[in-house]
Amino acid sequence: MLSIGEFSKICEVSTKTLRYYDEIGLINPDEINSENGYRYYSIRQLKKMLFINRLKSYHFSLEEIKAILELEEDQSEEKLCSALNRKRREVQGKLNAFEYTLKQMSNDILNLEKGIPMMSCLDNIEVQLVETRPMNILYMRQMMSSDDYARGYGTYFNRLYEKIAAEKLTLLGAPMTIYHSPEYNPAGNDTEFAIPIEETVKGTRDLPGGLCAKSVLKGSYSELTSVYAKLREWVENEGYELVKSPYEVYVTDPNQATVPEKIVTEVYFPV
């Protein structure tokens with residue numbers, strides 16, 4: 001048996017953390033002295049603690065780790081492999097985002113050294129005046145908080161695609177998001193997820209066509225705010241007015257894009 005201090009030293013986990021893990025049922029001492037309350041861990045528990053440390057280093061939450069530890073033995077390898085693959089995709093996505101950020105920072109530094117203003121990138125965003133055609137869209141409309149967006153896009157678009165497949169509907173275009181809220185609110189924004197289809201069924205509506213200011217972003221979604229700023233400036237300078245909710249069309253599937261620069265998003269401001 002190892003004292004909590006010895007166990008802590010070997011595994012490089014503080015005694016405070018070990019007590020917390022005991023409290024939430026992640027790993028419990030094998031023995032607690034009834035007279036003095038001292039906690040003891042067995043040698044065999046070292047392997048479990050190191051396994052927990054490994055999963056933490058992979059950015060699994062304590063809740064996710066606990067679920068993995070509770071897996072039945074005959075299912076554990078398959079489900080662990082599935083969980084690791086899912087987490088690897090998450091980490092790769094974050095890595096791609098960081099690489100894009102580093103590249104962007106390097107470009108900003110290079111431009112500043114040349115005397116080029118940091119936000120001069122706005123001058124390179126092109127705006128076109130286009131006439132769009134009416135569309136029949138299958139849609140879902142939700143109030144989305146800022147925390148909901150990342151998982152929300154996948155969840156709601158997946159539901160729409162499942163309905164299209166189940167009812168054998170005819171797909172006519174790329175998925176899109178329409179933003180109805182008049183202002184940004186971290187607590188919740190009126191957001192419509194939509195996919196153009198041919199058939200008129202329950203859950204579809206007409207999206208009118210008309211004159212739009214349009215811009216195309218090739219890059220990370222984090223750059224969309226710059227596109228919105230440029231479009232709003234263009235609308236103002238050219239003497240137009242925004243008459244309906246702006247929307248985005250996702251020309252490329254972000255899951256298929258190997259680097260952020262290959263993600264293509266069209267932004268429309270109906271004017």
Q. Given 10 Å bins starting at zero, what is the percent of C-alpha pairs of the chain in each, up to the one with the largest pair distance?
A. 5, 20, 23, 19, 15, 11, 5, 1, 0
Q | Per residue convex hull volume, Cα atoms of the range 2-70, in Å³ | A | 83 Å³
Q: Have a look at 67, 229, 257 and tell me which one the Gaussian network model of the chain (Cα, springs below 10 Å) gives the largest fluctuation.
A: 67
**Q.** Helix-only CD estimate at 222 nm, as mean residue ellipticity for the chain, using -39500 (n - 2.57) per DSSP H run (n ≥ 4)
**A.** -13500 deg cm²/dmol
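Would you please classify the overall shape of the range 132-221 from the alpha carbon gyration tensor, given that a ≥ b ≥ c denote the square roots of the eigenvalues, rounded means a/c under 1.5, and beyond that prolate means a/b larger than b/c while oblate covers the rest?
Oblate shape, in that a/c is at least 1.5 and b/c is the bigger or equal ratio.
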Q) Taking amide hydrogens as modeled 1.01 Å from N in the peptide plane, which residues meet the under 5 Å criterion relative to residue 190, leaving out close sequence neighbours? A) 144, 180, 181
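Per the Kirkwood formula on distinct C-alpha pairs, the Rh of the range 79-118 is how many angstrom?
Computed over the range 79-118, the radius equals 12.0 Å.
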Q.
Using a 1.4 angstrom probe on the protein heavy atoms only, could you order 99, 261 from most to least accessible area?
A. 99, 261
Q: Assign one of three labels to the range 26-155, namely rounded, prolate or oblate, based on the Cα gyration tensor with a ≥ b ≥ c the square roots of its eigenvalues; rounded applies when a/c is under 1.5, prolate when it is not and a/b is larger than b/c, and oblate otherwise.
A: prolate
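The values are calculated or read from the model by the stated rules, or taken from the named source; none is laboratory data. Nothing here was measured: the structure is a model prediction, and the numbers come from that model. These area figures cover heavy atoms from the full protein model, side chains too; ligands, DNA and RNA do not enter into them. Shrake-Rupley method; radii C 1.70, N 1.55, O 1.52, S 1.80 Å.
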